[in-house]
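The values are calculated or read from the model by the stated rules, or taken from the named source; none is laboratory data. Just so it is clear, the model here is predicted, and its values are computed rather than measured. Here the Cβ is made from the backbone with ideal geometry for all residues, glycine too, and neighbour counts use every protein chain on show.
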Amino acid sequence: MTAMTDQATKRVLLAAPRGYCAGVDRAVVTVEKALELYGPPVYVRKEIVHNKHVVTTLEKRGAIFVEETDEVPEGATVIFSAHGVAPVVHEEAKALGLKTIDATCPLVTKVHREAVRFASDDYDILLIGHEGHEEVVGTSGEAPEHITLVDGPDDVANVEVRDPDKVVWLSQTTLSVDETMETVRRLREKFPSLQDPPSDDICYATQNRQLAVKHMAPECDLMIVVGSRNSSNSVRLVEVALEHGSKAGHLVDYAEEIDESWLDGVATVGVTSGASVPEILVRGVLDYLAEHGFEDVKPVVAAEESLMFSLPNEIRRDLKAAGMSDKMRHDGAFAEAGSLH
Ligand code: SF4
(Lines give C-alpha, C1' and ligand atoms only; values in the text may rest on other atoms or scores of the structure.)
Protein backbone atom coordinates (compact mmCIF):
# COMPACT_ATOMS: atom_id res chain seq x y z
CA MET A 1 0.00 0.00 0.00
CA THR A 2 1.40 3.40 -0.94
CA ALA A 3 1.78 6.21 1.55
CA MET A 4 -0.92 8.12 -0.41
CA THR A 5 -3.45 5.31 -0.05
CA ASP A 6 -2.58 5.06 3.62
CA GLN A 7 -3.32 8.72 4.04
CA ALA A 8 -6.61 8.41 2.15
CA THR A 9 -7.91 5.56 4.32
CA LYS A 10 -7.15 7.21 7.65
CA ARG A 11 -10.28 8.52 9.35
CA VAL A 12 -11.81 9.37 12.69
CA LEU A 13 -15.30 8.42 13.81
CA LEU A 14 -16.41 10.97 16.38
CA ALA A 15 -19.16 9.90 18.78
CA ALA A 16 -22.21 12.00 19.51
CA PRO A 17 -23.30 12.44 22.15
CA ARG A 18 -20.07 12.61 24.11
CA GLY A 19 -18.71 14.69 26.97
CA TYR A 20 -20.62 16.80 29.45
CA CYS A 21 -23.99 15.58 30.65
CA ALA A 22 -26.58 17.80 32.31
CA GLY A 23 -25.59 16.74 35.84
CA VAL A 24 -21.89 17.48 35.34
CA ASP A 25 -22.59 20.82 33.68
CA ARG A 26 -24.78 21.83 36.61
CA ALA A 27 -22.22 20.74 39.21
CA VAL A 28 -19.31 22.56 37.54
CA VAL A 29 -21.34 25.74 37.03
CA THR A 30 -22.38 25.54 40.70
CA VAL A 31 -18.72 25.74 41.79
CA GLU A 32 -17.95 28.51 39.29
CA LYS A 33 -20.93 30.57 40.42
CA ALA A 34 -20.10 29.97 44.09
CA LEU A 35 -16.56 31.27 43.50
CA GLU A 36 -17.95 34.40 41.80
CA LEU A 37 -20.60 34.95 44.43
CA TYR A 38 -18.83 34.20 47.71
CA GLY A 39 -15.20 34.61 46.54
CA PRO A 40 -12.50 32.01 47.15
CA PRO A 41 -12.00 29.74 48.89
CA VAL A 42 -15.05 27.60 48.30
CA TYR A 43 -14.82 24.08 49.70
CA VAL A 44 -15.95 21.06 47.70
CA ARG A 45 -16.38 17.66 49.30
CA LYS A 46 -14.73 15.08 46.98
CA GLU A 47 -14.01 15.81 43.34
CA ILE A 48 -16.98 17.81 42.03
CA VAL A 49 -16.95 15.48 38.99
CA HIS A 50 -14.43 12.77 38.19
CA ASN A 51 -12.20 14.69 35.79
CA LYS A 52 -8.64 15.74 36.49
CA HIS A 53 -8.74 18.79 34.18
CA VAL A 54 -11.98 20.14 35.67
CA VAL A 55 -10.68 19.72 39.21
CA THR A 56 -7.30 21.36 38.57
CA THR A 57 -8.90 24.26 36.70
CA LEU A 58 -11.34 24.93 39.53
CA GLU A 59 -8.52 24.60 42.08
CA LYS A 60 -6.65 27.37 40.28
CA ARG A 61 -9.69 29.59 40.67
CA GLY A 62 -9.88 29.00 44.41
CA ALA A 63 -11.87 25.82 44.99
CA ILE A 64 -10.48 23.60 47.75
CA PHE A 65 -11.31 19.91 47.40
CA VAL A 66 -11.53 17.94 50.63
CA GLU A 67 -12.21 14.27 51.29
CA GLU A 68 -14.40 14.69 54.35
CA THR A 69 -16.71 17.35 55.75
CA ASP A 70 -14.69 17.74 58.97
CA GLU A 71 -11.78 19.17 56.93
CA VAL A 72 -13.91 22.25 56.16
CA PRO A 73 -13.44 25.17 58.61
CA GLU A 74 -16.45 25.92 60.79
CA GLY A 75 -19.01 28.23 59.20
CA ALA A 76 -17.50 27.92 55.66
CA THR A 77 -19.40 27.01 52.50
CA VAL A 78 -19.12 23.44 51.21
CA ILE A 79 -20.45 22.05 47.96
CA PHE A 80 -21.41 18.39 47.71
CA SER A 81 -20.34 16.73 44.47
CA ALA A 82 -22.51 15.45 41.60
CA HIS A 83 -22.20 11.87 42.91
CA GLY A 84 -24.36 12.52 45.95
CA VAL A 85 -23.87 12.04 49.68
CA ALA A 86 -25.43 9.93 52.41
CA PRO A 87 -27.79 11.67 54.87
CA VAL A 88 -25.12 11.35 57.58
CA VAL A 89 -22.92 13.79 55.61
CA HIS A 90 -25.68 16.41 55.69
CA GLU A 91 -25.93 15.88 59.45
CA GLU A 92 -22.16 16.27 59.91
CA ALA A 93 -22.21 19.52 57.92
CA LYS A 94 -25.08 20.82 60.00
CA ALA A 95 -23.28 19.98 63.24
CA LEU A 96 -20.22 21.91 62.02
CA GLY A 97 -22.35 24.95 61.13
CA LEU A 98 -21.39 24.71 57.45
CA LYS A 99 -23.34 26.37 54.68
CA THR A 100 -24.03 23.59 52.19
CA ILE A 101 -24.82 23.60 48.49
CA ASP A 102 -25.87 20.23 47.18
CA ALA A 103 -24.75 19.68 43.57
CA THR A 104 -25.90 16.05 43.55
CA CYS A 105 -27.16 15.22 40.07
CA PRO A 106 -30.98 15.09 40.13
CA LEU A 107 -30.77 11.65 38.46
CA VAL A 108 -28.71 10.38 41.40
CA THR A 109 -31.20 11.97 43.81
CA LYS A 110 -33.93 10.02 42.00
CA VAL A 111 -32.16 6.75 42.89
CA HIS A 112 -31.78 7.93 46.52
CA ARG A 113 -35.55 8.53 46.66
CA GLU A 114 -36.27 5.09 45.22
CA ALA A 115 -34.03 3.56 47.90
CA VAL A 116 -35.83 5.46 50.67
CA ARG A 117 -39.23 4.45 49.32
CA PHE A 118 -38.47 0.74 48.95
CA ALA A 119 -36.76 0.68 52.35
CA SER A 120 -39.83 2.23 53.99
CA ASP A 121 -41.90 -0.56 52.37
CA ASP A 122 -39.42 -2.99 54.00
CA TYR A 123 -37.91 -4.35 50.77
CA ASP A 124 -34.45 -5.82 50.48
CA ILE A 125 -32.75 -3.57 47.92
CA LEU A 126 -30.03 -5.04 45.70
CA LEU A 127 -27.94 -2.09 44.58
CA ILE A 128 -25.89 -2.97 41.52
CA GLY A 129 -22.73 -0.87 41.52
CA HIS A 130 -19.01 -0.68 42.13
CA GLU A 131 -17.88 -1.10 45.70
CA GLY A 132 -16.38 2.09 47.12
CA HIS A 133 -17.66 4.39 44.34
CA GLU A 134 -18.88 7.65 45.89
CA GLU A 135 -22.31 7.38 44.34
CA VAL A 136 -22.81 3.89 45.75
CA VAL A 137 -21.62 4.99 49.19
CA GLY A 138 -24.13 7.88 49.09
CA THR A 139 -27.08 5.79 47.91
CA SER A 140 -26.34 2.97 50.38
CA GLY A 141 -26.30 5.54 53.18
CA GLU A 142 -29.98 6.27 52.59
CA ALA A 143 -31.00 2.85 53.90
CA PRO A 144 -27.97 0.87 55.06
CA GLU A 145 -30.11 -1.78 56.78
CA HIS A 146 -31.98 -2.57 53.59
CA ILE A 147 -29.33 -2.25 50.87
CA THR A 148 -26.96 -4.98 49.68
CA LEU A 149 -24.34 -4.07 47.12
CA VAL A 150 -24.06 -6.36 44.10
CA ASP A 151 -20.77 -5.66 42.33
CA GLY A 152 -21.34 -7.28 38.94
CA PRO A 153 -22.64 -10.67 37.71
CA ASP A 154 -20.07 -12.73 39.63
CA ASP A 155 -21.19 -11.22 42.92
CA VAL A 156 -24.73 -12.63 42.57
CA ALA A 157 -23.73 -15.97 44.11
CA ASN A 158 -22.96 -14.18 47.40
CA VAL A 159 -26.27 -12.34 47.69
CA GLU A 160 -28.64 -13.28 50.52
CA VAL A 161 -32.03 -11.67 51.20
CA ARG A 162 -34.54 -11.91 54.05
CA ASP A 163 -37.61 -12.56 51.88
CA PRO A 164 -37.07 -13.55 48.21
CA ASP A 165 -40.60 -12.33 47.42
CA LYS A 166 -39.83 -8.80 48.54
CA VAL A 167 -36.74 -7.78 46.72
CA VAL A 168 -35.99 -5.02 44.22
CA TRP A 169 -32.87 -4.02 42.27
CA LEU A 170 -31.58 -0.49 41.80
CA SER A 171 -28.30 0.61 40.26
CA GLN A 172 -25.50 3.12 40.06
CA THR A 173 -26.19 5.60 37.22
CA THR A 174 -22.96 5.07 35.28
CA LEU A 175 -22.72 1.31 34.73
CA SER A 176 -22.41 -0.73 31.56
CA VAL A 177 -25.98 -1.35 30.41
CA ASP A 178 -25.16 -4.84 29.09
CA GLU A 179 -23.27 -5.98 32.17
CA THR A 180 -26.01 -4.67 34.44
CA MET A 181 -28.64 -6.60 32.47
CA GLU A 182 -26.53 -9.74 32.90
CA THR A 183 -26.34 -9.11 36.65
CA VAL A 184 -30.13 -8.66 36.73
CA ARG A 185 -30.63 -11.85 34.71
CA ARG A 186 -28.60 -13.83 37.24
CA LEU A 187 -30.35 -12.15 40.17
CA ARG A 188 -33.73 -13.03 38.67
CA GLU A 189 -32.67 -16.66 38.25
CA LYS A 190 -31.97 -16.70 41.97
CA PHE A 191 -34.95 -14.53 43.01
CA PRO A 192 -37.74 -14.95 40.41
CA SER A 193 -39.93 -12.31 42.12
CA LEU A 194 -37.23 -9.65 41.80
CA GLN A 195 -38.80 -6.26 41.03
CA ASP A 196 -37.38 -3.77 38.54
CA PRO A 197 -36.78 -0.12 39.46
CA PRO A 198 -39.70 2.19 38.60
CA SER A 199 -37.56 3.72 35.81
CA ASP A 200 -34.03 3.30 34.42
CA ASP A 201 -31.37 4.10 37.01
CA ILE A 202 -28.54 4.03 34.46
CA CYS A 203 -28.90 7.59 33.26
CA TYR A 204 -29.65 8.85 29.76
CA ALA A 205 -26.10 10.23 29.36
CA THR A 206 -24.43 6.92 30.23
CA GLN A 207 -26.78 5.02 27.92
CA ASN A 208 -26.37 7.42 24.98
CA ARG A 209 -22.57 7.50 25.20
CA GLN A 210 -22.45 3.70 25.26
CA LEU A 211 -24.86 3.50 22.33
CA ALA A 212 -22.69 5.75 20.15
CA VAL A 213 -19.64 3.61 20.99
CA LYS A 214 -21.55 0.43 20.10
CA HIS A 215 -22.39 1.90 16.68
CA MET A 216 -18.78 2.85 16.00
CA ALA A 217 -16.79 0.04 17.59
CA PRO A 218 -17.14 -2.64 14.86
CA GLU A 219 -15.41 -0.28 12.40
CA CYS A 220 -12.66 0.90 14.74
CA ASP A 221 -9.07 -0.32 14.90
CA LEU A 222 -8.60 1.88 17.92
CA MET A 223 -11.00 3.68 20.28
CA ILE A 224 -9.69 6.64 22.23
CA VAL A 225 -11.91 7.57 25.17
CA VAL A 226 -11.12 10.89 26.81
CA GLY A 227 -11.74 10.65 30.54
CA SER A 228 -10.13 10.09 33.93
CA ARG A 229 -9.39 6.70 35.46
CA ASN A 230 -11.74 7.31 38.38
CA SER A 231 -14.61 8.19 36.04
CA SER A 232 -16.86 5.15 36.05
CA ASN A 233 -18.75 6.03 32.87
CA SER A 234 -15.50 6.76 30.98
CA VAL A 235 -13.92 3.45 31.97
CA ARG A 236 -17.12 1.67 30.87
CA LEU A 237 -16.82 3.28 27.40
CA VAL A 238 -13.47 1.58 26.83
CA GLU A 239 -14.94 -1.76 27.93
CA VAL A 240 -18.00 -1.33 25.69
CA ALA A 241 -15.76 -0.45 22.71
CA LEU A 242 -13.67 -3.60 23.16
CA GLU A 243 -16.74 -5.80 23.70
CA HIS A 244 -18.33 -4.48 20.50
CA GLY A 245 -15.44 -5.00 18.12
CA SER A 246 -12.90 -2.21 18.47
CA LYS A 247 -9.49 -3.86 18.07
CA ALA A 248 -7.95 -1.69 20.77
CA GLY A 249 -9.16 0.89 23.27
CA HIS A 250 -7.46 3.38 25.58
CA LEU A 251 -8.53 5.95 28.14
CA VAL A 252 -6.58 9.23 28.17
CA ASP A 253 -6.94 12.39 30.22
CA TYR A 254 -5.07 14.48 27.64
CA ALA A 255 -3.86 14.11 24.05
CA GLU A 256 -0.28 14.04 25.39
CA GLU A 257 -1.00 10.60 26.87
CA ILE A 258 -1.55 9.07 23.43
CA ASP A 259 1.28 6.70 22.56
CA GLU A 260 2.20 7.09 18.90
CA SER A 261 2.62 3.33 18.57
CA TRP A 262 -1.15 2.92 19.13
CA LEU A 263 -1.61 4.32 15.61
CA ASP A 264 0.61 1.71 13.90
CA GLY A 265 -1.40 0.03 11.12
CA VAL A 266 -4.58 1.84 12.22
CA ALA A 267 -7.03 3.11 9.58
CA THR A 268 -10.07 4.06 11.70
CA VAL A 269 -9.88 5.69 15.12
CA GLY A 270 -13.04 6.15 17.20
CA VAL A 271 -13.08 9.12 19.57
CA THR A 272 -15.45 9.77 22.41
CA SER A 273 -15.41 11.20 25.93
CA GLY A 274 -16.99 10.49 29.29
CA ALA A 275 -19.80 12.54 30.81
CA SER A 276 -17.41 14.64 32.93
CA VAL A 277 -15.07 15.68 30.11
CA PRO A 278 -14.97 19.23 28.69
CA GLU A 279 -14.89 19.40 24.91
CA ILE A 280 -11.54 21.19 24.84
CA LEU A 281 -9.85 17.90 25.76
CA VAL A 282 -11.51 16.11 22.83
CA ARG A 283 -10.35 18.93 20.53
CA GLY A 284 -6.81 18.28 21.76
CA VAL A 285 -7.11 14.61 20.75
CA LEU A 286 -8.57 15.51 17.34
CA ASP A 287 -5.72 17.97 16.74
CA TYR A 288 -3.18 15.29 17.66
CA LEU A 289 -4.82 12.82 15.29
CA ALA A 290 -4.97 15.39 12.47
CA GLU A 291 -1.24 15.96 12.88
CA HIS A 292 -0.80 12.21 12.39
CA GLY A 293 -2.79 12.04 9.16
CA PHE A 294 -6.27 11.53 10.62
CA GLU A 295 -7.89 14.68 9.30
CA ASP A 296 -11.07 13.12 8.00
CA VAL A 297 -13.57 13.27 10.91
CA LYS A 298 -17.02 11.72 10.57
CA PRO A 299 -19.61 12.20 13.32
CA VAL A 300 -21.58 9.14 14.42
CA VAL A 301 -24.78 10.39 16.01
CA ALA A 302 -26.59 7.90 18.22
CA ALA A 303 -28.97 10.30 20.02
CA GLU A 304 -29.81 13.97 20.46
CA GLU A 305 -29.60 15.45 23.95
CA SER A 306 -31.17 18.66 25.19
CA LEU A 307 -31.64 18.03 28.93
CA MET A 308 -30.48 20.81 31.21
CA PHE A 309 -30.94 21.14 34.97
CA SER A 310 -31.33 24.38 36.88
CA LEU A 311 -28.75 25.19 39.56
CA PRO A 312 -29.26 23.97 43.15
CA ASN A 313 -31.88 26.06 45.01
CA GLU A 314 -29.40 27.25 47.67
CA ILE A 315 -27.19 29.02 45.13
CA ARG A 316 -30.05 30.26 42.96
CA ARG A 317 -31.49 32.01 45.97
CA ASP A 318 -28.16 33.69 46.82
CA LEU A 319 -27.45 34.64 43.19
CA LYS A 320 -30.88 36.23 42.93
CA ALA A 321 -30.38 38.16 46.16
CA ALA A 322 -27.03 39.46 44.82
CA GLY A 323 -28.63 40.48 41.51
CA MET A 324 -26.50 37.92 39.61
CA SER A 325 -27.61 35.59 36.83
CA ASP A 326 -28.60 32.07 37.81
CA LYS A 327 -28.65 30.90 34.21
CA MET A 328 -26.77 27.79 33.21
CA ARG A 329 -24.34 28.31 30.40
CA HIS A 330 -23.45 25.95 27.62
CA ASP A 331 -20.51 23.64 28.41
CA GLY A 332 -18.44 25.46 25.78
CA ALA A 333 -17.95 28.22 28.33
CA PHE A 334 -16.03 25.86 30.57
CA ALA A 335 -14.03 24.70 27.57
CA GLU A 336 -12.78 28.26 27.16
CA ALA A 337 -12.12 28.64 30.84
CA GLY A 338 -10.42 25.27 30.69
CA SER A 339 -7.71 26.76 28.53
CA LEU A 340 -6.35 28.21 31.77
CA HIS A 341 -4.91 24.78 32.35
S1 SF4 B 1 -23.61 10.78 34.32
FE2 SF4 B 1 -25.84 10.78 34.53
S3 SF4 B 1 -26.23 10.60 36.74
FE4 SF4 B 1 -24.06 11.19 36.47
S5 SF4 B 1 -24.09 13.41 36.61
FE6 SF4 B 1 -24.32 12.90 34.43
S7 SF4 B 1 -26.56 12.86 34.08
FE8 SF4 B 1 -26.21 12.77 36.27
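One table, with the values for the structure above:
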item: Test: VAL271 is of a type in the set (A, V, I, L, M), part of a loop (DSSP other than H, G, I, E, B) and not assigned by TED's automatic domain parsing to the domain that holds VAL177; result: no
item: Where PHE65 falls short, out of the listed (1) without any contact (Cβ under 8 Å) to a residue 24 or more places away in the chain; (2) in a helix (DSSP H, G or I); result: (2)
item: The one condition in (1) within 16 Å of the ligand (Cβ to nearest atom); (2) part of a helix (DSSP H, G or I) that HIS90 fails to fulfil; result: (1)
item: Those residues of segment 156-176 which are among the acidic types (Asp, Glu) and either within 16 Å of the ligand (Cβ to nearest atom) or in contact with an Asp or Glu (Cβ under 8 Å, 6 or more places away or on another chain) (or both), in sequence order; result: ASP163
item: Flag if GLU179 is of a type in the set (D, E, K, R), touching a residue at least 24 places away in the same chain (Cβ under 8 Å), assigned by TED's automatic domain parsing to the domain that holds VAL150 and not in a loop (DSSP other than H, G, I, E, B); result: yes
item: Conditions (1) in contact with a Pro (Cβ under 7 Å, 6 or more places away or on another chain); (2) in a strand (DSSP E or B); number of the one not met by THR148; result: (1)
item: In segment 276-311, the residues that are of a type in the set (Ser, Thr, Tyr), part of a loop (DSSP other than H, G, I, E, B) and crowded, with 18+ Cβ neighbours inside 10 Å; result: SER276
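Quick grid of which residues meet (1) part of a helix (DSSP H, G or I); (2) at negative phi; (3) at pLDDT below 95; (4) more than 13 Å from the ligand (Cβ to nearest atom):
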site	(1), (2), (3), (4)
ARG186	yes, yes, no, yes
GLU189	yes, yes, no, yes
ASP201	no, yes, no, no
ASN208	yes, yes, no, no
VAL213	yes, yes, no, yes
PRO218	yes, yes, no, yes
ILE224	no, yes, no, yes
SER234	yes, yes, no, no
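Residue-wise test of (1) within 13 Å of the ligand (Cβ to nearest atom); (2) among the acidic types (Asp, Glu); (3) touching a helix residue (DSSP H, G or I) at 6+ places or on another chain (Cβ under 7 Å).
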| site | (1), (2), (3) |
| --- | --- |
| PRO17 | yes, no, yes |
| VAL28 | yes, no, yes |
| VAL31 | no, no, yes |
| LEU37 | no, no, yes |
| ARG45 | no, no, yes |
| GLU59 | no, yes, no |
| GLU68 | no, yes, no |
